[in-house]
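Here's the structure we're looking at; comments come further down.
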Amino acid sequence: MAKDNSFGIGTLSIHGGQEPDPSTGAVMPPIYQTSTYAQEAPGKHKGYEYSRTHNPTRNALEKSLASLEKGNYGMAFGSGLAAIDAVMKLLKPGDEVIATNDLYGGSYRLFTSIFAKWGLVFHFIDLSNEEEVRAHINDNTRIIWAETPTNPLLKIFDIRKLAAIKDEFDLMLVVDNTFATPYLQTPLDLGADIVMHSVTKYLGGHSDLVMGALVVKDEDLAGQLYFIQNASGAICGPMDSFLALRGIKTLHVRMQRHCENAEAISRFLISHPAVKKVYWPGFPGHNGHEIANKQMRGFGGMLSFELKNDSIDKAFALVSSLKVFTLAESLGGVESLAGHPASMTHAAIPREERLKAGLSDSLIRLSVGLEDSKDLIRDLDAVLKTAME
Ligand code: P1T
């Protein structure tokens, strides 16, 4: 479908960047399960030489991602971390990155255990504090790395404000848009240079693949990232590309229900006597609520909470006793998941760093799925009763 910025997210989810397959008219891009392509003479081919560089199924997905994120170029990778890895390879030893101090534990581990060894310098700070952001900028600073909403505390950062700072100092702003998805927020429209995704989550939407993506507007930046994608080779395969494309077709419908269910559960939890605090950006008391209202089109399907009886044992018992929620890492699938970030998804972050960022030992994270909300609430109610004993 020709690029048209006036189409809504539903139309773009289904048709964005997509054409019927030119050889057969197939409405879904076929799974081109091939590593290589016949050439008529050396260098004379139909645009495809080798599947690390180009594959028609992956290219269809990359066009869909670019269209959804209001960018011009999309790149799909073998995982979200592989996409982050590609961004870091734009840098050279001595370059500095200012990153949110509340972020996925695997991103933190990649930064501190791999790229710090290669001479990149990372500062993990509260990106909502403009003074602190400015205080960390120096001649070596290259990237501001934001997740918004953050994983797992659902902090919200003002993308427009961060974009103004990066413009002032000629930096790059990267937004990990995994939690929001383009249904709720399009960071390139707000001034970001690169949007990053763990496609594993809401874009794929069915917990059946691991994949990452980048989307950019700028041609030169796209050229550098395509070079890294091909040269480092962390691409995703055609079967997974097909599954992601199929998942994306229902993104708008799923996200609407994820948002409704997360709201119902947040409201239930906040009024429950066993619950101390609920982290969900839809509450007026949430310190990012005003910004979320301005830059997002809903509050998403993720929330976290702490129990009044603030013990790690109670948190463990709770997440282990749920019946409809599954205790598991990951998020964004149709099924509801519960997790304990301190021991699971964020265990790679040293305890004192976690506590400084506000991630307590007893925090419980929920990825609210598409089940009937009354069944999810009943499940939580039963285990919360035990938590009060
Ligand atoms: O798992 P992978 O596809 O490599 O994506 C990494 C990643 C990047 N960014 C964010 C915000 C993420 O949440 C993740 C992966 N997160 C989980 C597995 C999790 O349970 O939080």
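Could you please find all residues in segment 138-161 being closer than 19 Å to residue 108 by Cβ, open to solvent by 10 Å² or more (accessible area, probe 1.4 Å) and not in a loop (DSSP other than H, G, I, E, B)?
Listed by number, the list holds a single entry, 142.
I want to confirm something. Restricting to segment 163-184 and keeping residues that are more than 13 Å from the ligand (Cβ to nearest atom) and in a strand (DSSP E or B), which single residue is least open to solvent (accessible area, probe 1.4 Å)?
173
So is residue 32 open to solvent by 40 Å² or more (accessible area, probe 1.4 Å), touching a strand residue (DSSP E or B) at 6+ places or on another chain (Cβ under 6 Å) and away from the ligand (no atom under 16 Å from the Cβ) or not? Lay out the reasoning, then the answer.
Values: open to solvent by 40 Å² or more (accessible area, probe 1.4 Å): yes; touching a strand residue (DSSP E or B) at 6+ places or on another chain (Cβ under 6 Å): no; away from the ligand (no atom under 16 Å from the Cβ): yes.
Criteria not met by residue 32.
Quick check on residue 258: is it surrounded by fewer than 24 Cβ atoms within 10 Å (Cβ to Cβ), more than 27 Å from residue 99 (Cα to Cα), at pLDDT 95 or above and outside the structural domain of residue 74 (by TED's automatic domain parsing)?
Answer is no for this residue.
Return a yes/no flag: does segment 24-46 have any residue that is free of Cβ contacts under 8 Å to residues at least 12 places away in the same chain, assigned to a loop (DSSP other than H, G, I, E, B) and closer than 20 Å to residue 231 by Cα. So that I can check it myself, show each step before the final result.
Within segment 24-46, the subset free of Cβ contacts under 8 Å to residues at least 12 places away in the same chain is 24-27, 38-46.
Right, trim to assigned to a loop (DSSP other than H, G, I, E, B) and you get 24-27, 38-40, 42-43, 45-46.
With closer than 20 Å to residue 231 by Cα added as a condition, the list becomes 43.
Yes, that holds for at least one residue.
Cβ contacts < 7 Å: first residue under 12 Å from residue 101 (Cα atoms) and assigned by TED's automatic domain parsing to the domain that holds residue 98, restricted to segment 124-143; second residue among the small types (Gly, Ala, Ser) and modelled with pLDDT of 95 or more, any location; separation 6+ or different chain. Result?
124/99; 127/146
Any residue in segment 331-354 that is acidic (Asp, Glu) sitting within a Cβ distance under 7 Å of a residue that is open to solvent by less than 10 Å² (accessible area, probe 1.4 Å) and more than 12 Å from the ligand (Cβ to nearest atom)? List the pairs, counting only those 6 or more apart or interchain.
These pairs meet every condition: 335/369.
I want to confirm something. Restricting to segment 102-137 and keeping residues that are open to solvent by 40 Å² or more (accessible area, probe 1.4 Å) and among the charged types (D, E, K, R), which single residue is nearest to residue 341 (Cα to Cα)?
Residue satisfying both the conditions and the ranking: 109.
Can you find even one residue in segment 104-116 that is of a type in the set (Lys, Arg), touching a helix residue (DSSP H, G or I) at 6+ places or on another chain (Cβ under 6 Å) and not assigned by TED's automatic domain parsing to the domain that holds residue 295? Spell out the reasoning first.
Going residue by residue through segment 104-116, those that are of a type in the set (Lys, Arg) are 109.
Still in the running and touching a helix residue (DSSP H, G or I) at 6+ places or on another chain (Cβ under 6 Å): none.
Among the residues of segment 104-116, not one is of a type in the set (Lys, Arg), touching a helix residue (DSSP H, G or I) at 6+ places or on another chain (Cβ under 6 Å) and not assigned by TED's automatic domain parsing to the domain that holds residue 295, which makes the answer no.
Sort out which residues of segment 360-382 are open to solvent by 10 Å² or more (accessible area, probe 1.4 Å) and among the β-branched types (Val, Ile, Thr), and write them in order of number.
377
Test each condition in (1) assigned to a loop (DSSP other than H, G, I, E, B); (2) farther than 26 Å from residue 388 by Cα; (3) outside the structural domain of residue 80 (by TED's automatic domain parsing); (4) not aromatic (Phe, Trp, Tyr) for residue 235 and report the one that comes out false.
Unmet condition: (3).
Looking at (1) within 15 Å of the ligand (Cβ to nearest atom); (2) open to solvent by 40 Å² or more (accessible area, probe 1.4 Å), which one does residue 304 not meet, given that it meets all the others?
That leaves (2) as the condition not met.
When the residues of segment 185-203 are filtered to those that are part of a loop (DSSP other than H, G, I, E, B) and within 9 Å of the ligand (Cβ to nearest atom), which remaining residue is surrounded by the most Cβ atoms within 10 Å (Cβ to Cβ)?
199
Taking the options 357, 387, 338, 328, name whichever one is at pLDDT below 95, within 16 Å of the ligand (Cβ to nearest atom) and either open to solvent by less than 50 Å² (accessible area, probe 1.4 Å) or charged (D, E, K, R) (or both).
Being at pLDDT below 95, within 16 Å of the ligand (Cβ to nearest atom) and either open to solvent by less than 50 Å² (accessible area, probe 1.4 Å) or charged (D, E, K, R) (or both) holds for just one of 357, 387, 338, 328, which is 357.
Mind checking which residues of segment 65-97 are open to solvent by less than 30 Å² (accessible area, probe 1.4 Å), within 16 Å of the ligand (Cβ to nearest atom) and either in contact with a Lys or Arg (Cβ under 6 Å, 6 or more places away or on another chain) or hydrophobic (A, V, I, L, M, F, W, C) (or both)?
Scanning segment 65-97 gives 65, 75, 76, 77, 82, 83, 84, 86, 87, 88, 97.
Quick grid of which residues meet (1) closer than 23 Å to residue 186 by Cα; (2) within 12 Å of the ligand (Cβ to nearest atom):
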site	(1), (2)
99	yes, yes
106	no, yes
114	no, no
117	no, no
138	no, no
144	yes, no
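The values are calculated or read from the model by the stated rules, or taken from the named source; none is laboratory data. A quick note: this is a predicted structure, and the numbers were derived from the prediction, not measured. Ideal geometry is used to build each Cβ from the backbone, glycine not excepted, and the neighbour counts take in all protein chains shown. Just the protein is used for accessible areas: all its heavy atoms, side chains included, with ligands, DNA and RNA removed. Shrake-Rupley method; radii C 1.70, N 1.55, O 1.52, S 1.80 Å.
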